[in-house]
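Single-structure report; data block below.
The values are calculated or read from the model by the stated rules, or taken from the named source; none is laboratory data. Because the structure is predicted, anything quoted here is derived from the model rather than measured. Methodologically, a virtual Cβ is constructed for each residue, glycine included, from the backbone with ideal geometry; neighbour enumeration extends over all protein chains shown.
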Amino acid sequence: MTTREFLKKLTPSPVTALLIGLIAYLWFRPPAFVDDMARPAPDIPELAALKGKVVLVNFWATWCPYCRHEMPAMEAFYQAHRDKGFEIVAYSLDKSQAEVEAYMREEGYTFPTSLIYQAVSEAFGGVNRVPLSFVIDRNGVIRHRIAGQLHAGRLDSLITPLLATPSGSGSR
């Protein structure tokens, strides 16, 4: 068998190439259900301290592969935009704060996270899947609910426009 014949055998069919491309696309840009909203954010202590900032509230768990995959994009966006008034409030569904802190330290993530508690889950309509995220504008209005994995493009398209809007200029 010649080299040319061998390489021809390795060349995928158009259908195979299309499927590989689709899998790669979904890996880097996974599907998520994004709902636009316009309702006041819940009155919880963690959010009260962040009035006037754009906040990503994220529900996650160390055992969730999709959560683990979205964390690098969240950290990069946090580092690039926190000086522009962006914050993350992450709630883990894990069993212990020590486990969460160890994971965050091991991976080098710096945004704050704590264990979810009943009042927070109820305030956001019950958390029955992860990852689940909410984007809150500077005026304390939930603008987006994202059921599924975040990625850099999704963070940029949903949050960057809100960072450009000064507090008090949106509707409540």
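Here are some notes:
- Qualifying residue in region 41-52 (condition: of a type in the set (Val, Ile, Thr) and not in a helix (DSSP H, G or I)): yes
A quick yes/no check of all residues on (1) surrounded by fewer than 18 Cβ atoms within 10 Å (Cβ to Cβ); (2) in the same structural domain as residue 134 (by TED's automatic domain parsing); (3) touching a residue at least 12 places away in the same chain (Cβ under 8 Å):
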| position | (1), (2), (3) |
| --- | --- |
| 37 | yes, yes, yes |
| 41 | no, yes, yes |
| 47 | no, yes, yes |
| 65 | yes, yes, no |
| 86 | no, yes, yes |
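- Pair list, Cβ < 6 Å and 6+ apart or interchain, from region 121-138 residues that are over 15 Å from residue 150 (Cα atoms) to residues that are outside any loop (DSSP other than H, G, I, E, B) and of a type in the set (Ser, Thr, Tyr): 127/121
- Residue in region 55-74 that is of a type in the set (S, T, N, Q) and within 19 Å of residue 141 (Cα to Cα) present: yes
- Filter pass, residue 7 being aliphatic (A, V, I, L, M) and part of a helix (DSSP H, G or I): yes
Yes/no per residue for (1) at pLDDT 95 or above; (2) in the same structural domain as residue 45 (by TED's automatic domain parsing); (3) of a type in the set (Ser, Thr, Tyr); (4) outside any strand (DSSP E or B):
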residue	(1), (2), (3), (4)
120	yes, yes, no, yes
125	no, yes, no, yes
129	no, yes, no, yes
133	yes, yes, yes, no
138	yes, yes, no, yes
142	yes, yes, no, no
145	yes, yes, no, no
155	yes, yes, no, yes
168	no, no, no, yes
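- Boolean, residue 162 is more than 18 Å from residue 32 (Cα to Cα), under 16 Å from the mean Cα position of the chain (by Cα), in a helix (DSSP H, G or I) and touching a residue at least 40 places away in the same chain (Cβ under 8 Å): yes
- Set side by side, the residues 156, 137 differ, and just one is among the acidic types (Asp, Glu) and within 18 Å of residue 46 (Cβ to Cβ), which is 137.
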